[in-house]
Amino acid sequence: MTAASTTLEIEPLSPVLGARLHGLDLSRPIPAATQAAMRQAFARYGVLCIPSARATPDMDVEDQIRFASVFGKVDGEGNGQLRFAEGEKRPKRGIMFVSNLRENGELVGVLPDGEMHFHSDGAHRDVPYRGTTLYAIKIPSRGGETKFANLTAAYEALSPAMKTRVEGLSGRFVYDVRATLRDQTNEGDEGLSSSVHPLVRRHSDTGKPALYLSRLMTRNIVGLERADSDRLLGELFDHCEQPRFVYAHTWTLGDLLLWDNRCLNHARNDFPAQEERHLRRVTVSDPG
Ligand code: OGA
Ligand code: MN
């Protein structure tokens, strides 16, 4: 295959974050100069949307992996199982479906239902995912928008006193795969994985400070009394989720989205349970 020569056109999705990229052909190797422009756009906009070139969503998983690999190490790559059947029940780690479809009565993917609170993928791990890609194969007629919050802008908008207050603090992040809303996480469950991260993190590419905390996953602030921790977290969650920091993506069939987990949170609006929603998810991590 020869690399396609591409002219990348960048169209901002909102004043606060996100851009749509036009002119990419993901069915071929991506030229180095285009890859550099894609990485630059990712650092600048946080969310990239590649609209479908066709009316039916038919991009295969290799093309999604090729796209994802521009931005980091594709999770699950190199374990000899890169190709999995679309309907396979247990795809390898790193590649999965976000889906409410069932086969033989069993869910084919994860995160099947309804509303999800803001979170950052992998925050419960010591090394969280750098980015997440989602490709829309089936979408409901209404609802199910994915919302993104710009945590660099949210940090910048804090008062000087609040910046000083959060600077030295760390949060404990817990993830319960069954929980999509904060109160559904059973903190007493010893089996839940958790990690501790600073509440302010410097982005590994841009160097900019961003808040790192989320309603779904940040259970408490290390070293604070629970009541103080709850009060401060509540204030910070509300701050980050203000409309001025948020873009809500209404999916079009065949959209491929990439988001940066280092400086954005994401959440999902509710959608009708009886309608189908099926997206393919590939994550990327820091190399090495
Ligand atoms: C995810 C996720 C949101 C959505 O895949 O990590 O949070 O809109 N998805 O399905
Ligand atoms: Mn997520």
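Please verify whether the range 131-145 includes one or more residues that are touching a strand residue (DSSP E or B) at 6+ places or on another chain (Cβ under 6 Å), of a type in the set (A, V, I, L, M), within 16 Å of ligand 2 (Cβ to nearest atom) and at pLDDT 95 or above. Steps first, answer last, please.
Step one: list which residues in the range 131-145 are touching a strand residue (DSSP E or B) at 6+ places or on another chain (Cβ under 6 Å), which gives 131-138, 145.
Now drop any that are not of a type in the set (A, V, I, L, M), which leaves 134, 136-137.
Narrowing further to those that are within 16 Å of ligand 2 (Cβ to nearest atom): 134, 136.
With the extra rule that they be at pLDDT 95 or above, the set shrinks to 134, 136.
Yes; the residues of the range 131-145 include at least one that is touching a strand residue (DSSP E or B) at 6+ places or on another chain (Cβ under 6 Å), of a type in the set (A, V, I, L, M), within 16 Å of ligand 2 (Cβ to nearest atom) and at pLDDT 95 or above.
Which of the residues that make up the range 55-95 are among the aliphatic types (A, V, I, L, M) and modelled with pLDDT of 50 or more? Break it down stepwise before answering.
Of all residues in the range 55-95, those among the aliphatic types (A, V, I, L, M) come to 55, 59, 61, 65, 68, 70, 74, 82, 85, 95.
Listed by number, the residues that qualify are 55, 59, 61, 65, 68, 70, 74, 95.
Taking the criterion of being small (Gly, Ala, Ser), closer than 17 Å to residue 195 by Cα and within 16 Å of ligand 2 (Cβ to nearest atom), the only residue of the range 213-252 that qualifies is 214.
Do we find that residue 183 is part of a helix (DSSP H, G or I) and of a type in the set (D, E, K, R) in this structure? Spelling it out, residue 183 is indeed part of a helix (DSSP H, G or I) and of a type in the set (D, E, K, R).
Out of 262, 231, 215, one residue alone is among the basic types (Lys, Arg) and part of a helix (DSSP H, G or I). It is 231.
Between 156, 145, the distinction of being out of contact with any helix residue (DSSP H, G or I) (no Cβ under 7 Å at 6 or more places or on another chain), within 11 Å of ligand 1 (Cβ to nearest atom) and closer than 21 Å to residue 263 by Cβ belongs to 145 only.
Restricting attention to the range 261-275, which residues are of a type outside the set (Lys, Arg), more than 13 Å from ligand 1 (Cβ to nearest atom) and touching a residue at least 24 places away in the same chain (Cβ under 8 Å)?
263, 272, 273, 275
Which of the residues belonging to the range 218-228 are surrounded by 12 or more Cβ atoms within 10 Å (Cβ to Cβ), outside any strand (DSSP E or B) and of a type outside the set (A, V, I, L, M)? Spell out how you get there, then give the answer.
As a first pass, look at the range 218-228 and keep what is surrounded by 12 or more Cβ atoms within 10 Å (Cβ to Cβ): 218-222, 224, 228.
Okay, now just the ones that are also outside any strand (DSSP E or B), so 222, 224, 228.
The answer is 228, and nothing else.
The residues of the range 92-114 that are more than 10 Å from ligand 1 (Cβ to nearest atom) and closer than 21 Å to residue 261 by Cβ, listed by number, are 92, 93, 94, 95. On the given criteria, is residue 174 under 16 Å from the mean Cα position of the chain (by Cα), at negative phi and of a type outside the set (Ser, Thr, Tyr)? Spelling it out, it is not the case that residue 174 is under 16 Å from the mean Cα position of the chain (by Cα), at negative phi and of a type outside the set (Ser, Thr, Tyr). Checked against (1) assigned to a loop (DSSP other than H, G, I, E, B); (2) closer than 30 Å to residue 154 by Cα; (3) not hydroxyl-bearing (Ser, Thr, Tyr), residue 48 meets all criteria but (1).
Out of all the residues in the range 253-280, which are surrounded by fewer than 20 Cβ atoms within 10 Å (Cβ to Cβ), under 26 Å from residue 153 (Cβ atoms) and more than 14 Å from ligand 2 (Cβ to nearest atom)? Spell out how you get there, then give the answer.
Initial filter on the range 253-280 (surrounded by fewer than 20 Cβ atoms within 10 Å (Cβ to Cβ)): 253-254, 269-270, 272-276, 278.
Narrowing the set further to residues that are under 26 Å from residue 153 (Cβ atoms) leaves 269-270.
Passing the criteria: only 270.
Filtered by the rule that a residue be surrounded by fewer than 16 Cβ atoms within 10 Å (Cβ to Cβ) and part of a loop (DSSP other than H, G, I, E, B), the range 139-156 gives 141, 142.
Applying a threshold of 8 Å to beta carbon distances and a minimum spacing of six or more residues, or different chains, the list of pairs starting in the range 107-121 at a residue that is in contact (Cβ under 8 Å) with a residue 24 or more places away in the chain and ending at one that is aromatic (Phe, Trp, Tyr) and not in a strand (DSSP E or B) reads 114/271; 118/237; 120/212; 121/129.
Out of all the residues in the range 177-221, which are polar (S, T, N, Q) and under 18 Å from residue 110 (Cα atoms)? Outline the logic, then answer.
Start the filter on the range 177-221 by keeping residues that are polar (S, T, N, Q), which leaves 180, 184-186, 193-195, 204, 206, 214, 218, 220.
180, 184, 185, 193, listed by residue number.
Given the condition in contact (Cβ under 8 Å) with a residue 24 or more places away in the chain, under 16 Å from residue 263 (Cβ atoms), aliphatic (A, V, I, L, M) and not in a strand (DSSP E or B), answer yes or no: does some residue in the range 159-170 qualify? The answer is yes; a qualifying residue exists.
The values are calculated or read from the model by the stated rules, or taken from the named source; none is laboratory data. Small disclaimer: the values here were computed from a predicted structure and weren't measured. With ideal geometry, Cβ positions are generated from the backbone for all residues, glycine too; neighbour counts draw on all protein chains shown.
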